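Notes follow once the structure below has been shown.
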Amino acid sequence: MGGTDELPGTPWTDEPWSPSDAFHYAPLDRKWEYCGQIRHIFSHFTLYLDVYKHYLSAQVGNGIDPSFGSFRSSEKAALSGVMMKCLQINR
């Protein structure tokens, strides 16, 4: 959605990504922990996202390629409903 922040991820496709292919899009080459899958229903399609997490140090963005953009805390981010679901899956 325009004007909202987004968590790092793969391009959306009709076919699921294999984890090894999806990790090529990760902002850091680190060990990622699987959290589960979310389902979000749009008016014309249903989106399924597999969610992984990795905790960053206190220096947010440390070691992340700048092509991913800037990172800010989830409390300050303007997140869509689908991105909020991704954050809430492991709480």
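Of the residues in the range 29-58, how many are part of a loop (DSSP other than H, G, I, E, B) and surrounded by 11 or more Cβ atoms within 10 Å (Cβ to Cβ)?
Residues flagged as part of a loop (DSSP other than H, G, I, E, B) and surrounded by 11 or more Cβ atoms within 10 Å (Cβ to Cβ) within the range 29-58 amount to 4.
Which residues, counting only those in the range 8-28, are more than 15 Å from VAL82 (Cα to Cα) and surrounded by 10 or more Cβ atoms within 10 Å (Cβ to Cβ)?
Matches in the range 8-28: PRO16, TRP17, PRO19, ASP21, ALA22, PHE23, TYR25, ALA26, PRO27, LEU28.
Can you name the condition, by its number, that LYS85 falls short on among (1) loosely packed, with under 12 Cβ neighbours inside 10 Å; (2) of a type in the set (D, E, K, R); (3) in a helix (DSSP H, G or I)?
(1)
Regarding the range 8-23, can at least one residue be identified that is of a type in the set (A, V, I, L, M, F, W, C), out of contact with any helix residue (DSSP H, G or I) (no Cβ under 9 Å at 6 or more places or on another chain) and not in a loop (DSSP other than H, G, I, E, B)?
Yes, the conditions are met somewhere in the range 8-23.
Every number here is computed from the coordinates shown, using simple stated rules; none is lab data. What you see is a predicted model, and the numbers here were worked out from it, not measured in a lab. So basically every Cβ, Gly included, is an ideal-geometry build from the backbone, and we count neighbours across all protein chains shown.
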